[in-house]
1. In square nanometres, what is the average projected area of the Cα convex hull of segment 1-97?
2. Once you have a ≥ b ≥ c as the square roots of the Cα gyration tensor eigenvalues for the chain, tell me rounded if a/c is under 1.5, and otherwise prolate or oblate according to whether a/b is larger than b/c.
3. Kindly provide the GluC sites (Glu not before Pro) of segment 212-278 that DSSP labels as loop, not H, G, I, E or B, and whose Cβ sees at most 12 other Cβ atoms within 10 Å.
4. Roughly what percent of Cα-Cα pairs across segment 25-180 reach past 28 Å?
5. How long is the gain from ARG63 to GLU6 if the chain were fully straight, where each residue apart is worth 0.36 nm and the alpha carbon distance is subtracted?
6. Just to confirm the filter: which trypsin sites (Lys or Arg not before Pro) across segment 332-391 are DSSP coil and have at most 13 other Cβ within 10 angstrom of their Cβ?
7. Starting from 0.36 nm per residue, how many nanometres of slack lie between ASP184 and ALA301 once their C-alpha separation is accounted for?
8. If you take the charge dipole of segment 1-117 about its Cα centre, with +1 on Lys and Arg Cβ and -1 on Asp and Glu Cβ, which of PHE78, ALA30, LEU104 is farthest toward its positive end?
Amino acid sequence: DVAQLEEAVRAWGREAQQRAFTAAWVAQAALRPPVPCPSCQATDLSPAGTKPRKIETTFGPVRLPRQRRRCRGCGRHFQPDDAVLVPAVGAGQGTPALRELAALAGAGWPYRSAARVLGRLRGSPVAPETVRQAVAQTGAAVAAQHAAEAEAACRPPAGAPDTTRPRPAQVVLELDGAWVRSHDNAEGMEAKVGVVHAGSERVGRTRTRLRERRYAATCRGVAALGPLVTAAVEQRNGYEAREQTLLGDGAAWIWKLGTTVLAEAAPVLDRWHLADARGRALRQAVPDEAEREVWTERIEAALGKGDVPGAVAVLAELAQEVAAPAVPEFIAFLTEQAGRIPDYAARRAAGQPIGSGGVEKGVDVVVNRRCKGRRGMKWWRDRADEVLALRVAELNAEWD
């Protein structure tokens, strides 16, 4: 049947690839430059047979014959082919292509699932530990590269600003975080995420997507996220944008970091979080739904146009009628966030962003889909950072 035929052809193809790889390796041996004795650097060598080595490829295991040589000076035996093979596979057996696939799969799925998929594709098993090591090694390298790029972006320019780069009409910076279970901390750790984009555009009838989007993420706190976000803004030439916006859910660290990274941005409190805070306060203060609706309309009418004093005045009236602590708490929240509550209706009419849904979706795709799960997975901070670096590289279309 079709399934049997497909598997038979795949098995034949894998066998052909394995034979071809071995034949090509043998043919390349004559083209490799001579290698001196690694012990005494002598070049007076005599043949001493071959010594095969097994390596793992994307099409299964292959045994490569390695030429063996004996140094006539010191008597040591060695394999000159290791000068080519060792840099490629290191101390393990996986080829660079297999390690890349393992890192890509392990950044997207649990290691056991990733190993099962890779095993099915290549026709021979892959250990989950192999996938974990590939993710750790590749993720550490990518995280180091991101850190170097961030450090370079934070340095003062060596010369005059580059005026040849296109100046974007707007840049939007959104920040948020997600808690992840941790081995390092019993209470967990927060993975902080930033997304830089140039607004949204409609896709189809109901969906939208962010334009010129770039993510940044880390589990090492605000101090580590700041340079990464700076690099993302610089990569989009965001500091030259005519219109700059900072969106957040009200957390203090967001405004502190955001105004440091993008000092000229207009801070905007996410409209949904503002409405959610209002709803929670009124539900506690006014249990009756019909009566609560009247107060909701009056407060929303003021908040919708950025009239914080008007909303506070309505809440003061409510506080005289009910003795719920949620009302003065919400008044304090509005007073604290007053400078970040704009005329939402005017911004919406002008096509300007008023919600931080972009970074909330970013938290989902960067962090939640891999670092959270029903199995209650826990992470070491270093391992989580390596996975986040790989996911950011993939989402930013810079994996290659």
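1. Mean orientational projected area (segment 1-97, Cα hull): 7.1 nm².
2. Here the chain falls in the prolate category.
3. Passing sites in segment 212-278 are GLU264.
4. I get 50 percent for the Cα pairs in segment 25-180 exceeding 28 Å.
5. 18.0 nm
6. Sparse-neighbourhood loop trypsin sites (Lys or Arg not before Pro): ARG374, ARG375.
7. 37.5 nm
8. PHE78
The values are calculated or read from the model by the stated rules, or taken from the named source; none is laboratory data. Everything numeric here is computed off the predicted structure, so don't read it as measured data. So basically every Cβ, Gly included, is an ideal-geometry build from the backbone, and we count neighbours across all protein chains shown. Please note that ligands, DNA and RNA were not included when accessible areas were found on the heavy atoms of the full protein model with its side chains. Shrake-Rupley method; radii C 1.70, N 1.55, O 1.52, S 1.80 Å.
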